[in-house]
Amino acid sequence: MKRVAILQSNYIPWRGYFSLIKDVDEFIFYDDVQYTVRDWRNRNKIKTNNGEMWLTIPCGSNCERVINEVEPVNSYWQKKHWESIRRNYSKSRYWTQYKDFFEDFYINNAWTNLSELNQYLIKEIAVNFLDIKSVIFQDSRAYCVEGKKEDRLLNLLKTVDARTYVSGPAAKAYLNEERFKREDIDVIWFDYNSMHEYRQLHGEFVDKLS
């Protein structure tokens, strides 16, 4: 009974993103859909001594692109983001274990495609940091499915022989579960509410950070 999740790539996502990955057999990056500005594709928040702080990759305001066509407008953000992470997390518990990876990512690479850098980070963190080795990562472009919105999503699930579709609860507002059931695909709404607090620097616990 193959469990599949389909989601756009996010920039250094929060822990719930990785919990969803761990819960499925196949995780499909849905990056051949429309890019949305002021969203999680190109930004996320970290915690500082002065509260939450946005790390944003400058990608312009053009929405007439799909996600995998988006290119950062410059490379200055890379050093800036690294310095912000180093400054605010260098005293954290596992800093020495992971700092070399992130320094290499930000300083020794010239990232020219948003989807590529997001997918690289997500896969490296999932497999090598969180030991999620049972999941298969795929890119929706590999399947060349047709249709729009829910039709396209359903066609993609049928193409990969999914029997269970695991989705975040926000999709309840627009997804028609009965259509999926008619195709013998069960819809499971992933529950993020069971996550416990973990040790953080800089004051009281703040959830849903990168």
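The values are calculated or read from the model by the stated rules, or taken from the named source; none is laboratory data. Because the structure is a prediction, the values reported are computed rather than measured. For neighbour counting, all protein chains shown are included, and Cβ atoms are generated from backbone atoms with ideal geometry for every residue, glycine included. These accessible areas exclude ligands, DNA and RNA; they are computed on the full protein's heavy atoms, side chains included. Shrake-Rupley method; radii C 1.70, N 1.55, O 1.52, S 1.80 Å.
Listed values, structure above:
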{"read-out": "Residue list for segment 154-167, filter: open to solvent by 20 Å² or more (accessible area, probe 1.4 Å) and touching a Phe, Trp or Tyr at 6+ places or on another chain (Cβ under 9 Å)", "value": "Asn155, Thr159"}
{"read-out": "Residues within segment 129-158 that are among the aromatic types (Phe, Trp, Tyr) and more than 18 Å from the chain's Cα centre (by Cα), tallied", "value": "1"}
{"read-out": "Matching residues, segment 1-25, being open to solvent by less than 30 Å² (accessible area, probe 1.4 Å) and either over 19 Å from Leu121 (Cβ atoms) or under 11 Å from the mean Cα position of the chain (by Cα) (or both)", "value": "Val4, Ile6, Ser9, Asn10, Tyr11, Ile12, Pro13, Gly16, Tyr17, Phe18, Leu20, Ile21"}
{"read-out": "Output for segment 27-50, where each listed residue is in a strand (DSSP E or B), touching a residue at least 40 places away in the same chain (Cβ under 8 Å) and open to solvent by 10 Å² or more (accessible area, probe 1.4 Å)", "value": "Lys45, Lys47, Thr48"}
{"read-out": "Meets criteria (without any contact (Cβ under 8 Å) to a residue 40 or more places away in the chain, part of a helix (DSSP H, G or I) and either within 19 Å of Ser210 (Cα to Cα) or open to solvent by 60 Å² or more (accessible area, probe 1.4 Å) (or both)) for Asp131", "value": "no"}
{"read-out": "Every residue from segment 56-78 that is in a helix (DSSP H, G or I) and within 21 Å of the chain's Cα centre (by Cα)", "value": "Ile67, Asn68, Glu69, Trp77, Gln78"}
{"read-out": "Check on Tyr174, open to solvent by 50 Å² or more (accessible area, probe 1.4 Å), without any contact (Cβ under 8 Å) to a residue 40 or more places away in the chain and of a type in the set (Phe, Trp, Tyr)", "value": "yes"}
{"read-out": "Every residue from segment 159-186 that is under 18 Å from the mean Cα position of the chain (by Cα) and either at pLDDT 95 or above or in a strand (DSSP E or B) (or both)", "value": "Tyr165, Val166, Ser167"}
{"read-out": "Any hit, segment 113-125, residues being charged (D, E, K, R) and modelled with pLDDT under 95", "value": "no"}
{"read-out": "Single residue of segment 187-210 satisfying the filter (of a type in the set (A, V, I, L, M) and either more than 17 Å from the chain's Cα centre (by Cα) or closer than 28 Å to Thr164 by Cβ (or both)) that is least open to solvent (accessible area, probe 1.4 Å)", "value": "Val187"}
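Condition check ((1) closer than 26 Å to Phe180 by Cβ; (2) modelled with pLDDT of 95 or more; (3) assigned to a loop (DSSP other than H, G, I, E, B); (4) not hydrophobic (A, V, I, L, M, F, W, C)) across all residues:
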{"residue": "Pro13", "(1), (2), (3), (4)": "yes, yes, yes, yes"}
{"residue": "Ile21", "(1), (2), (3), (4)": "yes, yes, no, no"}
{"residue": "Glu52", "(1), (2), (3), (4)": "no, yes, no, yes"}
{"residue": "Lys80", "(1), (2), (3), (4)": "no, yes, no, yes"}
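Residue-wise test of (1) among the hydrophobic types (A, V, I, L, M, F, W, C); (2) outside any loop (DSSP other than H, G, I, E, B); (3) free of Cβ contacts under 8 Å to residues at least 12 places away in the same chain.
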| position | (1), (2), (3) |
| --- | --- |
| Tyr98 | no, yes, no |
| Arg141 | no, yes, no |
| Glu150 | no, yes, no |
| Asn155 | no, yes, yes |
| Ile188 | yes, yes, no |
